[in-house]
Each structure stands twice: as structure tokens, then as C-alpha cells.
Amino acid sequence: MIRRVLLAVEDSPDALAASRVAVDLARRYRSRLRIVHVLVDHEFDAALVAATGTAREEGGRPAATLVLRRVTAIAEAAGLEVETALLDGEVGQAILDDARRWAADVVVIGRSRRGSSGEPYVGTQTRHVLEFAEVPVLVVPGPRSPR
């Protein structure tokens with residue numbers, strides 16, 4: 001039974017597609033939905049503080065919060081209650097750690113951004129989640145590119 005769906009998002013077409021799939025999955029199974037975003041610029045923020053003694057206002061949080069709000073609105077429009085979290089650390093590992101702590105039954109994630117050739121591929125962080133996950137992982141491709 002799928003009772004807990006963990007959705008990892010970023011600001012990309014693949015993540016938006018994954019959001020729609022996760023919302024549908026949670027709605028169909030009447031599951032809890034947790035939406036997470038990993039802040040990837042934390043190393044830049046640490047270097048900025050070390051070099052200047054000051055940090056960017058809220059680091060990358062405003063953009064991340066906007067992504068979480070956008071996906072939350074999609075879920076709430078489908079009648080779901082959601083919880084959200086901003087995570088720090090290496091993306092793949094942060095997702096896995098949160099899935100373990102929250103006792104997720106499935107992790108939903110977008111496939112990846114496109115390579116320079118325009119061909120879809122599974123990115124490094126998605127591969128990391130696939131390789132080390134202790135629960136099923138649903139990898140969702142983004143919209144098809146026009147041919």
C-alpha cells in the first residue's frame with residue numbers, strides 16, 4: 001500500500017511533470033504527500049560568508065520557496081493536504097535521507113535536465129537516488145520536445 005509519497009522538485013519541466021504524477025498517485029491512493037526541494041547553492045553561501053562576512057539574503061530560499069508553493073498549489077487543487085521541506089546537502093543523498101526519516105513508501109522525481117545534445121538522460125542525482133533508495137523510485141520524464 002502506498003501511504004506516503006515523497007516528491008522531490010526543482011524548477012524544471014521534468015520536476016513539474018513529476019509533480020503531476022505524484023499528485024495523481026497520492027490522490028488515487030489517498031496518500032500523504034511530502035514535497036521537498038534541496039538547496040544546492042549552500043556551498044556558495046558558505047564561501048560568500050567566509051570571504052565577505054555577509055550572506056545573500058536568505059540564500060537560495062526565495063526561489064526554492066516559490067517552487068514549493070507552485071507545486072503545493074497543484075496538490076491542493078487536487079484536494080490534497082501536503083507538507084513541504086527545504087533540505088540542505090548533496091541533492092541525491094538529502095532526498096534519500098528525508099525519504100528514510102519520513103518513512104516514504106515511494107519517491108517520485110523528475111528524470112533530469114537535458115544534456116547539451118538535447119537528448120534526455122538520467123542525471124547524476126537521479127541515478128544516485130535510484131541506486132541507493134530503500135523504497136521504489138518513480139522517475140518521470142518531462143514533456144516531449146517538438147521534433
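Bear in mind that the values in this text are calculations on the coordinates, not laboratory data. Because the structure is predicted, anything quoted here is derived from the model rather than measured. Please note: Cβ atoms are built from the backbone with ideal geometry, for glycine as well, and neighbour counts cover all protein chains shown.
At 7 Å along the Cα-to-beta-carbon direction for both Glu90 and Leu138, put a label point, then send me their distance in nm to one decimal.
Distance between label points: 2.7 nm.
How far apart, in nanometres, would the label points at Arg61 and Arg20 be if each is projected 7 angstrom from Cα along the Cα-to-Cβ direction?
It is 3.2 nm.
Name the residues whose placed amide hydrogens come within less than 5 Å of the amide hydrogen of Val106, ignoring near sequence neighbours (fewer than 5 apart) on the same chain.
The list, which skips near neighbours in sequence, is Arg4, Leu6.
Whole-Hz Karplus ³J(HN,Hα) for segment 79-95, in order, using 6.51 cos²θ - 1.76 cosθ + 1.60 and θ = phi - 60°, x for Gly and Pro?
Karplus values, whole Hz, x for Gly and Pro: x, 9, 8, 10, 10, 10, 8, 9, 10, 10, x, 5, 3, x, 5, 4, 5.
Show me 70-80, 16-26 ranked by packing, highest mean number of other Cβ atoms within 10 Å first.
Answer by packing, highest mean first, reads 16-26, 70-80.
So for Glu90, Glu131, Glu10, fewest C-beta neighbours within 10 Å to most, what's the order?
Neighbour counts put them in this order, fewest first: Glu131, Glu90, Glu10.
If amide H atoms are built 1.01 Å from N in the plane of the peptide, which residues on other chains or at least 5 residues away come under 5 Å of the amide H of Tyr121?
The list, which skips near neighbours in sequence, is Gly115.
Would you please give the residues with an amide H less than 5 Å from that of Arg111, counting only those at least 5 places away or on a separate chain, with H modeled from the backbone geometry?
Val140, Gly142
Enumerate the calculated ³J(HN,Hα) couplings along segment 25-30 in order (Karplus 6.51 cos²θ - 1.76 cosθ + 1.60, θ = phi - 60°), each rounded to whole Hz, writing x wherever the residue is Gly or Pro.
In residue order, the calculated couplings are 4, 5, 5, 4, 9, 6 Hz.
For segment 11-23, just list the computed ³J(HN,Hα) in residue order, Karplus coefficients 6.51, -1.76 and 1.60, θ = phi - 60°, integers in Hz, with x standing in for Gly and Pro.
Those phi angles translate into 9, 8, x, 5, 5, 5, 4, 5, 4, 5, 5, 5, 5 Hz.
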